[in-house]
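Working notes, structure below.
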Amino acid sequence: MSRAKGGRSRTEELACHPLTEERWPDLLRLFGDRGAANGCWCMFWRLRRSEFEANRSPGNRRALRELVRSGVVPGVLGYRDDEPVGWCSVAPREEYGSLERSPKYRRTDETPVWSVVCFFLAREHRGEGLAAALLDGAVTYAGQQGATVVEGYPVCGDDGSHYMGTASLFERCGFTQVRRVDERRAVYRRQVG
């Protein structure tokens, strides 16, 4: 188990919990008014591009809020000392409509997978190794819901866009590459349980 700043292990460093109705205020505190990244509210992979663009910040926030109100758990929140410091979107691949329609991220095979499509860490907690703890927490949650395979789509190298994670992060967390998407992206998988 890798150690984070202060000598604590990743799992000691972060407690991960599914985003449920009662945790919605914590997500608001973490994401702030901008919705984590320019009004995304983690809806980029769930909506058609035209709908996503039309919604921008307030509409995407409402869409995510309605998901949570309906009982859908769109991901896990990471807490350090009871303060929300990170987010990882994880769900059955079918819940990500844009991912399903993407020729770039077409299904590798017919294996039912849960997909990890987004990470967000509070600015003051970046660079502390918490993304690995978030990914581990997302895999644990998916496994508790019956997932047998978790899949991610990280960047390979440094193109400045790491919201879907990096290949090195996924490899540190026990994922293996199953195919290259293009020169910058790959599909990684991890068996659960």
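The antiparallel fraction among DSSP beta bridges confined to the chain stands at about 85%.
Accessible area per residue for region 143-193 in Å², computed with a 1.4 Å probe and the full protein assembly in place, what is it?
Value for region 143-193: 48 Å² per residue.
Placing unit charges on the Cβ atoms of the charged side chains and taking the dipole of region 55-193 about its Cα centre, the candidate lying farthest along the positive direction among V192, S102, G174 is S102.
Within the accessible area of the chain, the carbon and sulfur atoms contribute 48%, probe 1.4 Å, all protein chains present. For S115, the amide hydrogen comes within under 5 Å of the amide hydrogens of A91, R93, E151, counting only partners 5 or more places away or on other chains and with H modelled in the peptide plane. The 3J(HN,Hα) values that the Karplus relation (6.51, -1.76, 1.60; θ = phi - 60°) gives for region 140-156 are, in residue order, 4, 4, 4, x, 5, 8, x, 5, 10, 9, 10, 10, x, 9, x, 7, 9 Hz. Gly and Pro appear as x. Computed from backbone phi with θ = phi - 60° and the Karplus coefficients 6.51, -1.76 and 1.60, the 3J(HN,Hα) list for region 180-193 is 8, 8, 7, 5, 10, 10, 9, 9, 10, 9, 9, 6, 10, x Hz; x is used for glycine and proline. Derived scalar couplings between HN and Hα for region 59-72 equal x, 5, 4, 4, 5, 5, 4, 5, 4, 5, 4, 6, x, 6 Hz in order, rounded to whole Hz, by the Karplus curve 6.51 cos²θ - 1.76 cosθ + 1.60 (θ = phi - 60°), x for Gly and Pro.
Per DSSP H run of at least 4 residues, take -39500 (n - 2.57); add these up for the chain, divide by its residues and hand me the 222 nm value, nearest 500 deg cm²/dmol. Mind showing how you got there, number by number?
Numbers: 6 runs with 59 residues, N = 193.
Taken over the chain, the calculation gives -9000 deg cm²/dmol.
Determine, from the Cβ-Cβ distance of E22 and E100 and an R0 of 35 Å, the FRET efficiency 1/(1 + (r/R0)^6), rounded to the nearest 0.05. Please list the in-between numbers first.
On the way: r = 30 Å, r/R0 = 0.85.
The computed FRET efficiency comes out at 0.75.
Taken over the alpha carbons of region 68-107 as equal point scatterers, the Debye sum produces base-10 log I(q)/I(0) values at 0.16, 0.17, 0.26 Å⁻¹ of -0.56, -0.61, -0.89.
The values are calculated or read from the model by the stated rules, or taken from the named source; none is laboratory data. Quick caveat: nothing in here was measured; it's all calculated off a predicted structure. Here Cβ is always computed from backbone atoms with ideal geometry, including for glycine, and neighbour counts include all displayed protein chains. Protein only, heavy atoms only, side chains kept; ligands, DNA and RNA dropped before computing areas. Shrake-Rupley method; radii C 1.70, N 1.55, O 1.52, S 1.80 Å.
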